[in-house]
Amino acid sequence: EDTGAGDAAAPPPLEAIAVLGDDVVTIDFTTGEPTVIAPVDDGFSIAGLAYDMSTQTIYALANFDAPVLLEIDRCTGAQTSIGAITPTEGTLFFAEGIAFDSTTDTLYLAGSADGDVPSDTASETLFTVNPTDAQATRVATISGTLQDDVDRMGWVGAQGYVLDTDGSSVSNLYT
């Protein structure tokens with residue numbers, strides 16, 4: 001008699017998506033081995049990644065001081081430049097952090113909109129970004145972190161996390 005035992009597919013391996021050299025890769029948590037998803041297109045340097053599990057889409061924040069939103073298909077590696085990240089008001093001088101909140105289907109970005117460039121390198125403004133046209137909408141001014149800015153960000157479930165570092169040896173993680 002067939003009980004169906006053994007018919008279930010094994011769960012996918014736990015892995016991270018990262019930039020390694022000039023490649024976007026997955027890193028298998030069990031083996032530590034990277035697998036290339038795609039080489040980064042010429043002319044772009046990746047400043048951060050965000051991942052939408054529901055669509056298997058990787059969003060890449062390219063070019064720190066002239067931010068561009070890229071979309072990378074996790075399965076095929078195909079890359080599409082959505083365009084320059086442009087605020088609906090004001091100017092975005094540079095950007096450092098990007099994250100996708102899968103509970104609200106919202107893409108977030110931390111960037112500098114205060115114009116204190118090059119005297120500061122603080123991403124003091126939180127934006128939402130429309131993933132279809134790269135239009136950014138200001139949400140809040142960041143305060144209460146080590147330097148009142150965000151260097152990296154990520155989402156786990158409904159909880160957002162931000163990392164702020166002083167550029168030397170001190171890094172703090174905030175929720």
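The values are calculated or read from the model by the stated rules, or taken from the named source; none is laboratory data. Everything numeric in this text was worked out from a predicted model, so none of it was measured. We place every Cβ from the backbone using ideal geometry, glycine too, and count neighbours over all the protein chains shown. These accessible areas exclude ligands, DNA and RNA; they are computed on the full protein's heavy atoms, side chains included. Shrake-Rupley method; radii C 1.70, N 1.55, O 1.52, S 1.80 Å.
Counting pairs of alpha carbon atoms under 8 Å apart in space and at least six apart in sequence, what relative contact order in percent does the stretch 70-162 give?
27 percent
Can you tell me the mean projection area, over all orientations, of the convex hull of the stretch 75-175's alpha carbons? Units nm², please.
Values: hull surface 30.0 nm².
Averaging across all directions leaves 7.5 nm² for the Cα convex hull.
With equal scatterers on the alpha carbons only and no solvent term, can you work out the Debye log10 of I(q)/I(0) for the stretch 7-81 at 0.11, 0.14, 0.24 1/Å?
-0.29, -0.45, -1.13
Using just the Cα positions, wrap the stretch 69-131 in a convex hull and report its mean projected area in square nanometres, one decimal place.
Spelled out: convex hull of the Cα atoms, projected over all directions, averaged, 5.0 nm².
Please work out how much accessible surface THR175 shows to a 1.4 Å probe, ignoring ligands, DNA and RNA, in Å² rounded to 10.
120 Å²
For the chain, give me the percentage of DSSP beta bridges that are antiparallel, rounded to the nearest 5 percent. It would help to have the intermediate numbers written out before the result.
Values: 54 of 56 bridges.
Here the share of antiparallel DSSP bridges comes out near 95 percent.
Keeping the other protein chains in place, figure out the carbon and sulfur percent of the accessible area of the chain, with a 1.4 Å probe.
Accessible surface attributable to carbon and sulfur in the chain totals 52 percent.
What does the accessible area of THR128 come to, in Å² to the nearest 10, when a probe of 1.4 Å is used?
Counting only protein heavy atoms, the figure is 40 Å².
Taking one equal scatterer on every alpha-carbon of the stretch 21-62, how large is log10 of I(q)/I(0) by Debye at q = 0.14, 0.18, 0.30, 0.35 1/Å?
These q points yield log10 I(q)/I(0) values of -0.36, -0.58, -1.14, -1.18.
Using unit Cβ charges (K, R positive; D, E negative) and no other charged atoms, how large, in debye to the nearest 20, is the dipole of the chain about its Cα centre?
200 debye
Under a Cβ-Cβ cut-off of 15 Å, what is the net charge of the residues other than THR88 that fall near it, where Lys and Arg count +1 and Asp and Glu count -1?
Result for the neighbourhood of THR88: -1.
Report the rotationally averaged projected area of the stretch 22-137 based on its alpha-carbon convex hull, in square nanometres.
Values: hull surface 31.3 nm².
Its average projected convex-hull area is 7.8 nm².
What is the Cα centroid distance between the stretch 122-156 and the stretch 54-106, reported in whole angstrom?
Here the answer is 12 Å between Cα centres.
Using DSSP to define loop residues, name the GluC sites (Glu not before Pro) in the stretch 86-160 whose beta-carbon has at most 10 other beta-carbon atoms within 10 Å.
For GluC sites (Glu not before Pro) across the stretch 86-160 that sit outside H, G, I, E and B with at most 10 neighbouring Cβ atoms in 10 Å, the list reads GLU89.
If eta is 1.002 mPa s and T is 20 °C, what Stokes-Einstein diffusion coefficient results for the stretch 41-82, Kirkwood Rh from Cα pairs, in µm²/s?
On the way: Rh = 10.3 Å.
Answer, rounded: 207 µm²/s.
Counting only protein chains, not ligands or nucleic acids, how are SER102, SER143 ordered by accessible area (probe 1.4 Å), most first?
Per-residue accessible area, sorted high to low, gives SER143, SER102.
With label points built 7 Å along Cα→Cβ from the Cα atoms of LEU20 and SER143, find their separation and express it in nm.
Using points 7 Å along Cα→Cβ, the separation is 4.3 nm.
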